[in-house]
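Trainee: Please see the structure below; I have some questions.
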Amino acid sequence: MNVLKTNSITMQFGGVIAVNELAIDVNEHEIVALIGPNGAGKTTAFNMITGVYKPTSGTVQYTDVQGNQIDITGKKPSDIAKLGIARTFQNIRLFKELSVYENVMIAKHLHLKANFLAATLHLPGYNKEQAEAEASVEKLLKSVNLWELRNEKASALPYGQQRHLEIVRALATEPRLLLLDEPAAGMNPKETEELTAFIRQIRDQYNLTIFLIEHHMDLVMEISDRIYVLDFGMTIAQGDPQSIQNNQRVITAYLGEDEDA
């Protein structure tokens, strides 16, 4: 079953076409990667899917946990998040001065139904929801081995753990589909290896479908079920990791260049 499907989405800025007729399918429980050189249009594609941009043309379709197919084209990012789609960003966007626990609790509040008045007056409905949220955050942090660090400031964590925390904060919104924008950016080989195992762990543990952008080819080839390759906004290849590694057009456009270029 498709969880995410883009139907020839195009994004044009003035006379520049950043993404041209992108057609992708991400199936339930898959890990699918979108790769390509810098400026290929990868983050623009993410931004169209998550509501930051409305495509110039084409549509984005999401299938929720009940099997309902929903056109999310141009919906607000907050509305898309509430449907069960979460994302992280290339640049870590944690609340650096808040604790690990507080960072995750903020995300958990996305699903609280109590209104501002109920929260201010600590009415019984709010108190019950808050207690459930606190128990859920505790369970989540324990499951990813961050509970012992719950009172640490986010800024005090090593870089790799900050990346993990950002992903955990996205998990707190209880997503069905998780979009990861260059999760291994800035990581050393050991951190990247740990991240690879972590992504697999959360996919299986939380029954997630994952769509990611990544420059780190070891991670992409190790973890992906399928890969799409963009170059100058055009899809030039798609397939399993082995077919992508052996695709001469991909090698010419991307894999043959210096990874840090």
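Trainee: Condition first: more than 22 Å from M217 (Cα to Cα), in contact with an Asp or Glu (Cβ under 6 Å, 6 or more places away or on another chain) and not in a loop (DSSP other than H, G, I, E, B). Can you find one or more residues in segment 19-32 that meet it?
Mentor: Taking every residue of segment 19-32 in turn, none turns out to be more than 22 Å from M217 (Cα to Cα), in contact with an Asp or Glu (Cβ under 6 Å, 6 or more places away or on another chain) and not in a loop (DSSP other than H, G, I, E, B).
Trainee: So which residues in segment 201-221 are over 14 Å from G36 (Cα atoms), touching a residue at least 60 places away in the same chain (Cβ under 8 Å) and assigned to a loop (DSSP other than H, G, I, E, B)?
Mentor: N207, L208, listed by residue number.
Trainee: Looking at this structure, is V60 within 15 Å of the chain's Cα centre (by Cα) and not polar (S, T, N, Q)?
Mentor: Working: within 15 Å of the chain's Cα centre (by Cα): no; not polar (S, T, N, Q): yes.
For V60, the condition - within 15 Å of the chain's Cα centre (by Cα) and not polar (S, T, N, Q) - is not met.
Trainee: State whether one or more residues within segment 70-85 are touching a residue at least 24 places away in the same chain (Cβ under 8 Å) and in a strand (DSSP E or B).
Mentor: For segment 70-85, residues touching a residue at least 24 places away in the same chain (Cβ under 8 Å) and in a strand (DSSP E or B): present.
Trainee: Is there a residue in segment 219-226 that is under 15 Å from T88 (Cα atoms) and either aliphatic (A, V, I, L, M) or surrounded by fewer than 19 Cβ atoms within 10 Å (Cβ to Cβ) (or both)?
Mentor: Within segment 219-226, the subset under 15 Å from T88 (Cα atoms) is none.
Within segment 219-226, not a single residue is under 15 Å from T88 (Cα atoms) and either aliphatic (A, V, I, L, M) or surrounded by fewer than 19 Cβ atoms within 10 Å (Cβ to Cβ) (or both).
Here's the yes/no breakdown for (1) more than 23 Å from T63 (Cβ to Cβ); (2) touching a residue at least 40 places away in the same chain (Cβ under 8 Å):
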site: E148; (1), (2): yes, no
site: L180; (1), (2): no, yes
site: A185; (1), (2): yes, yes
site: P189; (1), (2): yes, no
site: T192; (1), (2): yes, no
site: F198; (1), (2): yes, yes
site: I223; (1), (2): no, yes
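Trainee: Test G233 against the criterion of being touching a residue at least 60 places away in the same chain (Cβ under 8 Å), in the same structural domain as E28 (by TED's automatic domain parsing) and more than 17 Å from the chain's Cα centre (by Cα), and give yes or no. It would help to see each step written out before you state the result.
Mentor: On the way: touching a residue at least 60 places away in the same chain (Cβ under 8 Å): yes; in the same structural domain as E28 (by TED's automatic domain parsing): yes; more than 17 Å from the chain's Cα centre (by Cα): yes.
For G233, the condition - touching a residue at least 60 places away in the same chain (Cβ under 8 Å), in the same structural domain as E28 (by TED's automatic domain parsing) and more than 17 Å from the chain's Cα centre (by Cα) - is met.
Trainee: Further question on the same structure: Return the only residue of A107, A45 being assigned by TED's automatic domain parsing to the domain that holds V137, assigned to a helix (DSSP H, G or I), surrounded by 15 or more Cβ atoms within 10 Å (Cβ to Cβ) and of a type outside the set (F, W, Y). Don't jump to the end; show me each part of the working.
Mentor: Details: A45 fails: assigned by TED's automatic domain parsing to the domain that holds V137.
The match here is A107.
Trainee: Determine whether segment 236-254 contains at least one residue that is assigned to a loop (DSSP other than H, G, I, E, B) and in contact (Cβ under 8 Å) with a residue 60 or more places away in the chain.
Mentor: Taking segment 236-254 and keeping what is assigned to a loop (DSSP other than H, G, I, E, B), we get 240, 246-247.
Next cut, in contact (Cβ under 8 Å) with a residue 60 or more places away in the chain only: none.
No, because not a single residue in segment 236-254 is assigned to a loop (DSSP other than H, G, I, E, B) and in contact (Cβ under 8 Å) with a residue 60 or more places away in the chain.
Trainee: Consider Y53 carefully, then state whether it is in the same structural domain as Q205 (by TED's automatic domain parsing), part of a strand (DSSP E or B) and in contact (Cβ under 8 Å) with a residue 24 or more places away in the chain. First the steps, then the outcome.
Mentor: Values: in the same structural domain as Q205 (by TED's automatic domain parsing): yes; part of a strand (DSSP E or B): no; in contact (Cβ under 8 Å) with a residue 24 or more places away in the chain: yes.
In short, no.
The values are calculated or read from the model by the stated rules, or taken from the named source; none is laboratory data. Since we're looking at a predicted model, the values are computed, not measured. For neighbour counting, all protein chains shown are included, and Cβ atoms are generated from backbone atoms with ideal geometry for every residue, glycine included.
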